[in-house]
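Asks: I am attaching a structure below and will ask some questions about it afterwards.
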Amino acid sequence: MTITQVGSPSRGRRHSVALRAGALLVGMHVFVGLLTLVWLPYDPNAFTGGRLEGASLQHMVGTDRLGRDLFTQLMIGSRIALQVGTGAVAVGAFIGVTLGILAAFASKWLDDALAATLDILIAFPTLLIAMLVVAASDQASLWSAILALGIALSAIVARLTRILAKRVLVMDYITAARTSGSSWPKIVFIHVLPNIWPTLSVNFALQFGLAVIAEASLSYLGLGAPPPNASWGRILQEAQGTVYTAPLGAIAPGIALVSLAIGVNLLADGLRERVDDRLGDR
Amino acid sequence: MLLEMDRVSVRAGEKILVSDLSMTLDRGERVGLIGESGSGKSLTALAATGLLPSGLTASGSVLLGGQQVVGVPDQVLDRVRGTGAAIVFQEPLSALDPLMTVGMQIAEPLARRARRNGAPITGTRLKEAVLELIDDVALPDERRIARAYPHELSGGQRQRVAIAMALACEPDLLIADEPTTALDVTTQAEILILIDRLVQERQMALLFISHDLPVVANTVERVMVLRLGEAVETGTVSEVFNRPQHDYTKSLVAAAKRFDAAMEGRT
Ligand SMILES: Nc1ncnc2c1ncn2[C@@H]1O[C@H](COP(=O)(O)OP(=O)(O)OP(=O)(O)O)[C@@H](O)[C@H]1O
Ligand SMILES: [Mg+2]
């Protein structure tokens, strides 16, 4: 008892730092992403300056090799990253949670088969699966990238959901609900999902970070959202040839990407500690 | 007959966990199920309600309130469950959903039961019914308890909540699976008195499970002694206590008497 009392204040402070720093970084990107819907410094496709200009008051991070404003493109990149991250996690969560819950209820052999399939899928890199899905769709678009990443992430979500749900399903309060005549669907929504949600949500935050990085990789490889969607990965790829003459063009999208990824991970970390604190109460 | 179990066996694959168990329970009757840890008491209770965990199978026949339970799909049983029997579990920690307030957890079966009775209750009326039930299981300060989460309650309080949830089903049979094992002696006695009173007031039948002979003796009329999944002895409390037939029962009775003697010597 004494140990918890001595230990918890410092723990509380630590998690609030991670949570706040994460929220700040992610919040910044969300703000910028929303801003692009109503205001942009320049038309992202207009040639508004000289080619490969350095940073200046007019062009905060310079211009690309066609003379378009890079900062404008980075801002749009924020919106695309968030769109893809949110979309991919939503798709992955929907497919993954549904599959995971079904597996938890399935008969033994079906459950074993599903678990083995998931393990095999998870052994493949997320990016590879996403590339295959994009390749299977006839045209690369923002939506095909979201769908591809969502499907790639869903295996991890499904496996986690299955394990967490099984742990809840053996609890006495589930059997008690069964004795009182509650049906399985009702039990899933009332007891199972709320109880696995804290742990799942931490995982979703991590998946979001993975999706953002994977989307940049897809775009870098030319499999992401096509122009005029200025994804960070594509900006990076376009800047590659001129990286020695105009390093800013490569550094800036890199920083944008890393700051969002770190922000999301900090957020996940802060969330996890909160969840641990809460589950520790049990 | 409220509960009729006829040569019920429970298996895990090839392994037999409960074998050929027969037992009957009439309305208003109180029966104790005794046996050491792992003897199959909990499985017997689960088999009686058709709630065996996946991987375990039951054979034989169980009639609960006239409804066959063995080999009948969940969809059919869901409709009759709740009215037939309700269970209070051994482990007060896992008996309640940690993320739901106590009031909500009692309201759930209460609302369902009312709906099935054809007189659904909602809103304030439901809230009042919940508070009434909390009061019924002798918990103080109903409003605070209703708003509390399980981790904010003591073990004894949690067990009372679990009892309230069972009562909410208005069952004909209350199954208490070692409801006091995890509690200290004083709390244990209070819970026993509470169950005794509630069973009497509501004219429920009681199946009381325990590994502790003396605990059962004051609460029930008949007992069944279970060992390694087999019923080795049945009879009225005084029969089993005074003229135990089976060696295992004899050792149980002797242990109980030694325990009593030790308790008297101490006071
Ligand atoms: N899901 C399961 N799968 C396989 N074996 C099981 C399962 N549940 C219980 N058993 C076994 O069945 C036997 C009886 O278990 P049960 O839970 O009925 O014992 P119990 O009499 O209630 O004991 P306790 O007093 O410790 O609660 C034990 O040997 C146990 O290992
Ligand atoms: Mg048991």
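Values in this text are rule-based calculations from the coordinates and carry no lab data. Since the structure is predicted, the reported quantities are computational estimates derived from the model, not experimental observations. Every residue, glycine among them, receives a Cβ derived from its backbone with ideal geometry; neighbour counts consider all protein chains shown.
Asks: Mind checking the angle between helix A:2-38 and chain A's longest principal axis? C-alpha axes, 0 to 90 degrees, to the nearest 10.
Replies: Around 40 degrees separate the two axes.
Asks: With a 10 Å Cβ neighbour count serving as the proxy for reagent exposure, in which order, fewest first, do A:S231, B:S94 appear?
Replies: B:S94, A:S231
Asks: In addition: Treating the Cα atoms of region A:130-282 as identical point scatterers in vacuum, please give the log10 of the normalised Debye intensity I(q)/I(0) at q = 0.11, 0.12, 0.16, 0.17 Å⁻¹, two decimals.
Replies: -0.60, -0.68, -0.94, -1.00
Asks: Still on this structure, please answer the following. For B:S22 paired with A:S16, estimate the spin-label separation in nm (one decimal), with each label point 7 Å from Cα along the Cα-to-Cβ line.
Replies: Computed distance between label sites B:S22 and A:S16 equals 6.9 nm.
Asks: Setting aside same-chain residues fewer than 8 positions from B:K15, which aspartates and glutamates have a Cα under 14 Å from its Cα?
Replies: B:E230
Asks: If you don't mind, there's one more thing I want to ask. Find the all-direction average of the projected area of the Cα convex hull for chain A, expressing the result in square nanometres with one decimal place.
Replies: Taking a quarter of the hull surface, the average projection is 19.1 nm².
Asks: Here's a follow-up. Taking other Cβ within 10 Å of each residue's Cβ, how do A:I80, B:I16 sort, fewest first?
Replies: B:I16, A:I80
Asks: Using a/c under 1.5 as the rounded threshold, could you call region B:1-91 rounded, prolate or oblate? The axes a ≥ b ≥ c are square roots of the C-alpha gyration tensor eigenvalues, and prolate needs a/b larger than b/c, oblate otherwise.
Replies: rounded
Asks: Let me ask another. Give, as ranges by residue number, the residues of region B:214-232 whose backbone N falls under 13 Å from the point 7 Å along Cα→Cβ of B:E36.
Replies: B:226-229, by backbone N distance to the label point.
Asks: Starting from the Cα gyration tensor of chain B, take the square roots of the eigenvalues, sort them a ≥ b ≥ c, and report rounded, prolate or oblate (rounded when a/c is under 1.5, otherwise prolate if a/b is larger than b/c, else oblate).
Replies: oblate
Asks: Give the lysines reachable from A:K166 as a straight Cα distance under 20 Å; neighbours fewer than 8 places away on the same chain don't count.
Replies: A:K108, A:K186
Asks: I need the P(r) histogram for the protein assembly as shown: all alpha carbon pairs, bin width 20 Å from 0 out to the longest distance, whole percents.
Replies: Whole-percent P(r) values from 0 Å outward: 18, 38, 26, 14, 4, 0.
Asks: How would you rank A:W197, A:W39, going from fewest to most other Cβ atoms within 10 Å of each one's own Cβ?
Replies: Going from least to most buried by this count: A:W39, A:W197.
Asks: Could you give the size of the charge dipole of the protein assembly as shown about its Cα centre, using +1 on the Cβ of each K and R and -1 on the Cβ of each D and E, expressed in debye and rounded to the nearest 20?
Replies: 900
Asks: Continuing with this model, one more query. On a straight-distance basis, which lysines could pair with B:K250 in a cross-link, Cα separation under 27 angstrom, same-chain partners fewer than 8 positions away excluded?
Replies: Within reach: B:K41.
Asks: Viscosity 1.567 mPa s, temperature 4 °C: Stokes-Einstein D of region B:111-267 from its Kirkwood Cα radius, in µm² per second?
Replies: Here the translational diffusion coefficient equals 73 µm²/s.
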